[in-house]
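Note sheet for the following structure.
The values are calculated or read from the model by the stated rules, or taken from the named source; none is laboratory data. This one's a predicted model, so the numbers in the text were calculated from it and none came from an experiment. SASA here: full protein model, heavy atoms, side chains in, ligands and nucleic acids out. Shrake-Rupley method; radii C 1.70, N 1.55, O 1.52, S 1.80 Å.
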Amino acid sequence: MKKLIPFVFGSLLVFGAAACSPDVSKSSSDAPNSTNEAAQAPAPEATEAALKDAQSEVRREQLNNDIRAREQRNNALNDGKAANRSEDDIESEVRSKLEANIPNGQLTVEAEDNGTVTIAGTVTNQEQLNKIERLAKEIKGVTTVVNKATVAQPSS
């Protein structure tokens, strides 16, 4: 038993390290690879499929529960302060928040250690574009939002 526990934890650490990648956090596979890359308008089929998936109540609940759990963990570990949040954690939470509330957007999220978050890509209407900054600032640790996203109607 004493040898099993370290083996299990070691395996989890190796699996976790292998699953992590230094890639940019993206809200969809079609999103640009960086915030400096121009985004393409989404195909109508992709937009419709993403909309159905992302607007399902189950998916929205999953994303919101994930965000809530991360905030609770951060509060427990940092005495309720936003300090010491990793860029990856902030990127992931912002991306989840945007996925839950802008379901058919193709957005890329990059965070800096000073709390600045840069968001680029496309959304399908001005209302979604206007939501981006407000949604990102709801995440603890985000101080500034640079919104490089644009409105692009689905291509036919």
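Any idea which of 59, 70, 95, 85 is open to solvent by less than 80 Å² (accessible area, probe 1.4 Å), in a loop (DSSP other than H, G, I, E, B), at pLDDT 70 or above and basic (Lys, Arg)?
85
Search the range 42-56 for residues being open to solvent by less than 80 Å² (accessible area, probe 1.4 Å) and part of a helix (DSSP H, G or I), and hand back the single one that is modelled with the highest pLDDT.
Among those that are open to solvent by less than 80 Å² (accessible area, probe 1.4 Å) and part of a helix (DSSP H, G or I), it is 44.
Just to verify a result, which residue in the range 98-113, among those that are under 10 Å from the mean Cα position of the chain (by Cα) and open to solvent by 20 Å² or more (accessible area, probe 1.4 Å), is farthest from residue 69 (Cα to Cα)?
Residue satisfying both the conditions and the ranking: 110.
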